[in-house]
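Heads up, the thing below is written out as structure tokens.
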Amino acid sequence: MTAINDFSSQDHTSLAREVQRRTRGALSLEGAAQAFTKVLYETFPDDILLARVFVTVPYVKLSADVRAAVDGLIQKTGIGDRMRDDTPVLSLIGTTGTEAPWNDRKRSAGHAGIPLATSDFIDAIPMVARLLRELGVGLDWIDTGDTSIVARSLGSSSGLFYVQDAGVAVDHLRRKIIAAQDFVKQYDVKTVFGLGGGYLETSSFLASIVFCRTEIERGKIEPFMGLINRIKVSTSELVKQGRLFTH
Amino acid sequence: MPIDDLEQRLHRIVSALNAISAGEYVTAHTLEERDDLLGQVERSVNDVMMDLQTFDLSNREKNASLEAQQRAISEKLATIAQQGETLRVQEAELEAKLATIDRQRLAIRALTIPVLEVDDGIIALPIVGVVDSTRASDLTTTLLTYIATRGVRCVILDLTGVELIDTSTADHLLKVERAASLMGARCVLTGIGPDIAQTMVALGVDLSQLRTLSTMKEGLRDSRSFIRESSPREGERGR
């Protein structure tokens, strides 16, 4: 069994190539994202509890199932008047984990999509707010609808979302960053990390969040940042062509 | 271990390596990786190709990011230039306003020193407000110009409208009187009320060198008398 804490730089190079090998030739971004989470999960079965990939998709281009889930969330939170056709929705596009429902994005209706409708709405979700901030996208652009921030964040895949201990880490408002503390306690979640980056010539942004059941130092996570570009190499044409979901 | 399709696969490897060396690694076809010794070579060639593709993407992203930053900087420079132009326009407007204020100030200064020709050879200067060094200088200039150009012989400096006379004001008035005397005119100070007189005594203001009278009317009478007495009598003329 491989442990993240024992992973060498040579191992990381092999993993990066494996990710690219397994994601290239996918018929949709969902296919590649699913392959990516599977590679991560299979490589570190002792560390990783759940690995997920999200991508920003304009509301009007969501697949029917994601749109239905997002509509439910919009109704529940009362942000309908702030939604536009081009409002980016951070949509779950790949998921692999220890529980069977975690291996099918369609069975994760509760996390199918998070509409980036207003900065206040996102700020109320500490993990997403921090993820966007630490990946260099921030929240300021959300209220203006200026998605060019994705272009400005290109090349800054050095951004890393990192929470060493999900059970104790709090944000500047003293809120738990990982708000789902029942999930954290039930599965003894420790380190949570996220990687992300924008796609060239598009306003799409890809982010991966990994929940671990072991505590991992930040320095051991940083080499994972390069994986995002490996997926992007494999999927940039798919994203440009709008081939996101596997129908 | 036998290697299947050796020649064909070697050709594909050579083509892939040629594509890589020509910098065409982005569009080059991935080699099929078989499970034999040559398969390991195919895998290594694919690894190199994938690494190069990733480096290429990183470079393109960095360039795009730099271009975006350059555009942002250009936009900021344009904004700064526009703000500079706006500031220049505002500065010009401000200068024009200051010039207007300066002209108005001069006009107001002229109005604060009215010169009344009350009789032949007699002028009265009703002074209002505070007499500071600037006003004293203006007063002296105006007065001397009148004396020189209009043949003035008597000057009535009326202080009825002066709020306060302190040692400094008294000094200024003495200088005015001295300058007028040098030009051959006689000065009379009028309009010193009881309040101002008391203040002057309390402050030790000394105007004893000046001829002082209580009202402008008395000042006018006194000046006429002076002119009459100092002028040659009718019968004496022509002798």
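The values are calculated or read from the model by the stated rules, or taken from the named source; none is laboratory data. All figures in this text were calculated on a predicted structure; none of them were measured in a lab. Ideal geometry is used to build each Cβ from the backbone, glycine not excepted, and the neighbour counts take in all protein chains shown.
The figures follow:
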{"item": "Filter result for the condition that a residue is touching a residue at least 40 places away in the same chain (Cβ under 8 Å) and aromatic (F, W, Y), over A:F183, A:F161, A:F193", "result": "A:F161"}
{"item": "Residue match in segment B:99-114 (condition: basic (K, R), away from chain A (no Cβ under 14 Å) and in contact (Cβ under 8 Å) with a residue 24 or more places away in the chain)", "result": "yes"}
{"item": "Test: residue in segment A:51-69 that is within 22 Å of A:D165 (Cβ to Cβ) and within 15 Å of the chain's Cα centre (by Cα)", "result": "yes"}
{"item": "Single residue of segment A:10-31 satisfying the filter (more than 14 Å from every other protein chain (Cβ to nearest Cβ) and either within 18 Å of B:Q53 (Cα to Cα) or not acidic (D, E) (or both)) that is surrounded by the most Cβ atoms within 10 Å (Cβ to Cβ)", "result": "A:L29"}
{"item": "Scope segment B:32-83; condition closer than 23 Å to A:A16 by Cβ and among the hydroxyl-bearing types (S, T, Y); matching residues", "result": "B:S44, B:T54, B:S58, B:S65"}
{"item": "Of residues in segment B:107-144 being of a type in the set (S, T, Y) and exposed (fewer than 14 other Cβ atoms within 10 Å of the Cβ), the one farthest from the chain's Cα centre (by Cα)", "result": "B:T141"}
{"item": "Pairs where the first residue, in segment B:141-160, is on the phi > 0 side of the Ramachandran plot and the second is assigned to a loop (DSSP other than H, G, I, E, B) and modelled with pLDDT of 90 or more, C-beta under 9 Å, 6+ apart", "result": "B:G151/B:D120; B:G151/B:G121"}
{"item": "Subset of segment B:168-211 [crowded, with 17+ Cβ neighbours inside 10 Å, in a strand (DSSP E or B) and touching a Leu at 6+ places or on another chain (Cβ under 9 Å)]", "result": "B:C187, B:V188, B:L189, B:T190"}
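Conditions (1) away from chain B (no Cβ under 14 Å); (2) within 22 Å of A:T2 (Cα to Cα); (3) of a type in the set (F, W, Y), marked per residue:
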site	(1), (2), (3)
A:D188	yes, yes, no
A:G198	no, no, no
A:V210	yes, yes, no
A:T214	yes, yes, no
A:G226	no, yes, no
A:S234	no, no, no
A:L244	yes, no, no
A:H247	yes, no, no
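So that you can scan it fast, the table gives a plain yes or no per residue for (1) part of a helix (DSSP H, G or I); (2) within 30 Å of B:I13 (Cα to Cα); (3) more than 54 Å from the chain's Cα centre (by Cα); (4) within 14 Å of chain A (Cβ to nearest Cβ):
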{"site": "B:Q40", "(1), (2), (3), (4)": "yes, yes, yes, yes"}
{"site": "B:N46", "(1), (2), (3), (4)": "yes, yes, yes, yes"}
{"site": "B:Q53", "(1), (2), (3), (4)": "yes, yes, yes, yes"}
{"site": "B:L57", "(1), (2), (3), (4)": "yes, yes, yes, yes"}
{"site": "B:E61", "(1), (2), (3), (4)": "yes, yes, no, yes"}
{"site": "B:A72", "(1), (2), (3), (4)": "yes, no, no, yes"}
{"site": "B:E75", "(1), (2), (3), (4)": "yes, no, no, yes"}
{"site": "B:Q82", "(1), (2), (3), (4)": "yes, no, no, no"}
